[in-house]
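Encoded as structure tokens, the structure appears first; notes follow it.
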Amino acid sequence: MKLEMRRLKTGCSLIDNMNAKSILPLAAMILLLHSCGHDHAQRSFYYWKTTWRVDSVEQAQMQAYGVNHLYVRYLDVDWSDNLQIPVPVSQLTPVDTYRSLELGAPSHTPVVFITNRTFDKIEAAWSDSLAVKLARKIRHVADELANATNQRAAFSEIQIDCDWTPSTREKYFHFLERFKSEFPRKEITVTLRLYPYTYPQTMGIPPVDRATLMCYNLGRLADKTEVNSVFNFAELTKYLNLVEKYPLQLDVALPLFGWHAWFRGNRLKGIVYPRELEQPGLDTLLLQADGNRWLVSEDVSLKTKYLRAGDVLRNEFPDKQGLVRAAERLKKQLPAIRRVAFFHWEPNNFTDYHETIERAFALY
Amino acid sequence: MKRLNGLLLCISCLLPALFYPSVACGPLWLPDQNRVSLFRPGTSLSSGMQPFYYSERLLHSTVPDPADNDRRRNCEEWQGFTNAGIPLLHIAEIQYRTDPDKWLHACNENDWQAFDGNGFVQWLLLPENRDAFDYLRLAKEIEFTQSGLTDPWDDGNDREMKRRLASFARECLKRSTGAEKAFLRDRYLFQAMKCAHYVADPDFASAQLFPLFDRWMPRNESVVTGWAHLFRGLLERDSLQRAVHLLQAFERSDEKKLVVYNRFDMEQLERLAVAGLDTKSLEVVTVLKALKSPGRALDKLQQLQRITPLSTYLPALIAREINKLEDWLWTPEQVGLPSWMRAATQTEEEMSEDLEFEDARRKNLAKDHAYLLEVMQFVRSSAFGSRQARSFYTLAEAHLLSMGGDFAGAYRLLQGLAPLTSREQEMQRLIGLTVATAELRDVRDDAIQLQLHDYLTELMRLNPDFALYEPQIISDEYWYDAIGEVYDEQGDDVRELLLWLGHRFLLAGDIMTAGLLYNKAGLETEYYDGWYTFQSEEANYRSIAFYDRFATPETIDSLLAFRQMPKRTAFQAFITPSAWPLADWYRDLKGTLLIREHRFREALAVFSSMDPAFWQKQYAFADYLPTGSITDLGGIIPWRKPSADKRERVSKMEITKAMVQLENDMARNPMDGQTHKAYADALLNLTYWGNAWMMYSYGKSDNERYWNAYHDGGSIRLHGFRSVSERDYYFCEAAIAYYKKVLSLSKDDELTADALMMLDYCKRLTSEERGDNVQSDYLAALKSDFSHTRLWKAFKSSCLQ
């Protein structure tokens, strides 16, 4: 593993930034796929930022991957203790052009993340109000994007992302039903974690048109013995083996993100993000212990954290081979996948994953 | 450390009553919850530094001025301006506790009934104070505009708010230049600056406002000058000028310190440090650099001392270094209180579980002790200034001495300080005396106990936050309050001292008192103490958890005697629980401790002395007691069918009686294999794997495995069994010994086959690599020599398909 993540340089050509070996087969593969004439699953990424800023290099990168769809986070909804109501948070603001949606990504799906505590706190009646207010907000964000880009970005689907629990299920599902009535001609989908996928009797089946199975966050971050809490193919297989058929049509999302779980002894001290490790000289202080574990050899201050000698950083970026195997396994398990997505679009995080992305997309 | 209720709890998989699959297990501990912090940063008496009290996790608080220093200053300035003896509370009521809408309604309707009796309002309504009234009205309109249009779902808010604020900026400028009184002039200018910032209008500000600011404000000591500096800085285009004004805002305003802190990163501060700033700005830059250092910052403190030898920021920064040292030297990963508890019972095996980390930990401790000496040297060299400043340095040095193990030195310094007039400093003195006394003296001595009692009660008198309410029973769902975490840490010092004292009693061999102190502390440690919502108060696991780990049967006798004691010393009364659990609850534990040692006859005597209905009426875990005979392994052993004779749940007394009966049978028939086989089956039933595990343990988890008892990812320790009973419970050693004895006694192939099967099965249960991968000689012997037996056929059909 290379702890210092490489950056894409703005203004460079795509060839400068991508491995040439990876691009040529990719281009050939795209041509081949487009000429085959049979239906392929859409290739998608989650765009999970608060500003829309996709430069020309990134647009070209999307095009090279054959990305023809994006899940775009429009806003979050969280509970406000001050106001005692759910409130919109971190709304997407258009900073750059929106042209990339024309460039190989002709469709997008607005996504709204709603915290589970929102449903924990709201009165049942608020599930109705929230649906109405959120519908208006989504239209407003879509209008803002359209105004900023001089083009109306059509969408036929809206996705709700919420880690609901048995105690919030009833209010969440009621909200979904009400939300659907606000958009009768659009498809309403949800994200689905592996736990509700595996235990639908406990967690219920969301009353929506489809769901996207989010194949990550599989393990216990705080467990020192955990291999990788973000993604572990063996763990994913255990979940998949438990379910023969889920009652909803499913798409899938695989992780393209990670961090370092920071341990002192057996105790989790926190999460160290890749950018925090972009510090000159730091790589000489981190010694590879085994596999994805790095031992801190000397005390060192990061911007906000003080690592001590003897601390361990567990790299939790997904294993490349595991991702491809997961894509293969999911294709077998869920043959009707309409769209395969990666979470999330952050090119700095996946400079080493070009081939993996290509191979996973090529399977569908 | 964090109080019990300060937890994010996902406890389901740990509770006997909640055995269903769960996505999360155990409490999530965050660094501040495990801190043992006994140096109170408030001892520094530094104004406005509360947001920067040390916290490893949060870096700083999100509450800008928790002491409301700026607001108090503003009210005092208004009090001086009115010159009418108006109480500060009346001014604060209007300035900070009156909703703008309510104020504007009163202005519009000229209806002041809601403010009846408020001297400040009465003063404002006098005709000669019309200019002040007009200012306050406009200020409230601005406040309303900033926060009043608060439907967060309304997308038109932002535009309307900006339009109105732009208009206010110009109105304030106009009034500022026309104001006759400097007091109001400066406030209008500050309001204009603020509005210009919120509408992002630097052109208007630099052309119209900056010249007035430069003429009127810099030499003004008013609180609004600091506030105006902030907005002046934020509106400034030149980066150096911007920094200078922000640094001024930090220096002049407590409320704006946090926002200024957040505006700089370390790289910017490094550049500013060599940008030729004036001394005051350079001082603030150095303070910010120290505040932004998560590790050692002594070099920055030394820089600061060179720039401003008597910097008022220095004590607060020293307090941060001491709090960091507490983290590094006293946290559980190092030698924090819970780990001390562990050290008292730690086996060699546990000690050596992670040699690499152990080595690093030792080296870090040595480095940190060396750093402690450096900090102490610096503290000694800084001990100048006012009397209160010198008291701070003495308290700091005493604490560092304690951390370095020189309790006698600490005690001498603290004894040399008379009771201090500052409440914060006096609390620190008492904390230091408590620690040093506990370490230096025999805590079993009545006179020492009385002294400790006096320190603790005086601390509780000085700070109501130290009140020792009983630990709350946690509600079903608890949302962890991260923002309150740092302040909670400041409120649990007496609890931490109780935990500390408990440890001293444990080391002195007084387990009973140690447990009472541990329970009184009510702090979360790395042990599983039970987080139940459904147990009765009189038989709650929390009340016996400590004793479950540390007590002997004799400890429980002492506890029962203490419970009945008619007269107690002040210290004993202090540590007595406000409500005792049932005596039978303690007896249940005593019997259980005896069971773990296989002292069944004594256990039977204890259980027989209890109310026979206890396990039905008060025992929270009754549903986990077994049904049927203690020798019935049905449901555990695949080839044995459960007995059809299932009855009601059996009490611990009945099970123990059966065990005694089996022992009597063996005594009568010492050479009878069947009798020994029945006893072995019963012993197996008492293990983690058996139907009667509850005879041994008060909890069981699906995730619990014998090899996880110590290697559980560092989250919790479920049980504190002693090593012998642990081997019996998880490794079935006692049962295995008796199955082997059966082999030596048996003259019957069926019985021998049975014992071999059980030995094979025990091996499969207890091997780290469980199940079919386990290679067993017993199975080989069964196949080769006992394949003709009926049991082998049953075994084969159940297990070898």
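Bear in mind that the values in this text are calculations on the coordinates, not laboratory data. Just so you know, these numbers come straight off a predicted model, no measurement behind them. Positions of Cβ are backbone-derived with ideal geometry, glycine not excepted, and every protein chain shown enters the neighbour counts.
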Run down the lysines and flag those whose C-alpha is under 22 Å from the C-alpha of residue B:102, throwing out any fewer than 8 positions away in its chain. B:140
Region B:578-665: radius of gyration and largest Cα-Cα distance (Dmax), Å: 14.2, 52
Please report the spacing between the Cα centers of region A:197-253 and region B:89-156 in Å, no decimals. 55
Along Cα→Cβ, 7 Å out, is where each label goes; now give me the distance between the ones at residue A:53 and residue A:91 in nm to one decimal. 2.0
Find how many whole Å separate the alpha carbon centroid of region B:612-681 from the alpha carbon centroid of region B:371-441. 60
Mind jotting down the distance between the C-alpha centroids of region B:180-246 and region B:300-319, whole Å? 29
Estimated FRET transfer efficiency when R0 is 22 angstrom, pair residue B:108-residue B:154 (beta carbons, to 0.05): 0.40
Between the DSSP loop rule and a limit of at most 11 other Cβ atoms within 10 Å, which GluC sites (Glu not before Pro) in region A:116-195 are left? A:123
Average projected area of the Cα convex hull of region B:177-312, in nm²? 8.6
Rounded to the nearest whole number, the per residue volume of the convex hull around the C-alpha atoms of region A:282-325 in Å³ is 80
Using Cα-only point scatterers and the Debye equation, what is log10 of I(q)/I(0) for region B:367-419 at each q in 0.24 Å⁻¹, rounded to two decimals? -0.90
How many nm separate the modelled label positions at residue B:380 and residue B:748, each set 7 Å beyond the Cα in the direction of the Cβ? 8.2
Fewest first, what order do A:114, B:636 take by the number of other Cβ atoms within 10 Å? B:636, A:114
Considering just Cα atoms, how many Å³ per residue does the convex hull of region A:135-200 enclose? 101
Table column - 3J(HN,Hα) (Hz), region A:343-355, Karplus curve with 6.51, -1.76, 1.60, x for Gly and Pro: 10, 9, 6, 8, x, 4, 7, 10, 4, 8, 10, 3, 5
Volume per residue that the Cα convex hull of region B:492-604 spans, once the total is divided by residue count, Å³: 117
With a cut-off of at most 16 other beta carbons within 10 Å, and DSSP calling the residue loop, which GluC sites (Glu not before Pro) in region B:582-675 qualify? Please list them. B:597, B:648
Taking θ = phi - 60°, what integer Hz values does the Karplus form 6.51 cos²θ - 1.76 cosθ + 1.60 yield along region B:578-586, in sequence order, with x for Gly and Pro? 5, 9, 6, x, 4, 4, 5, 5, 5
log₁₀ of I(q)/I(0) at q = 0.17, 0.26 Å⁻¹ - region B:43-125, Debye sum with one point per alpha carbon: -0.77, -1.23
Which residues' amide hydrogens lie under 5 Å from the amide hydrogen of residue A:157, considering only partners 5 or more residues apart or on another chain, with H built in the peptide plane? A:187
As an exercise, use a Förster radius of 51 Å and the Cβ-Cβ distance of residue B:674 and residue B:557 to find the FRET efficiency, rounded to the nearest 0.05. 0.85
With R₀ set to 60 angstrom, the calculated FRET efficiency between the beta-carbons of residue A:201 and residue B:239, to the nearest 0.05, is 0.50
Taking neighbour counts of Cβ atoms within 10 Å as a proxy for exposure, in what order, fewest first, do A:76, B:728 appear? A:76, B:728
Low-density loop positions, chymotrypsin sites (Phe, Trp or Tyr not before Pro), region B:364-427 - DSSP coil, at most 16 other Cβ in 10 Å: B:384
Going fewest to most other Cβ atoms within 10 Å around each Cβ, B:381, A:80 line up as B:381, A:80
Sorted by chain and then number, the residues having a modelled amide H within less than 5 Å of the amide H of residue A:267, at least 5 places away or on another chain, are none
What list of ³J(HN,Hα) values in whole Hz, one per residue of region B:192-206 in order, does the Karplus curve 6.51 cos²θ - 1.76 cosθ + 1.60 (θ = phi - 60°) give from phi, with Gly and Pro shown as x? 4, 5, 4, 5, 4, 5, 5, 9, 6, 10, x, 5, 4, 5, 5
Along Cα→Cβ, 7 Å out, is where each label goes; now give me the distance between the ones at residue A:170 and residue B:370 in nm to one decimal. 6.4
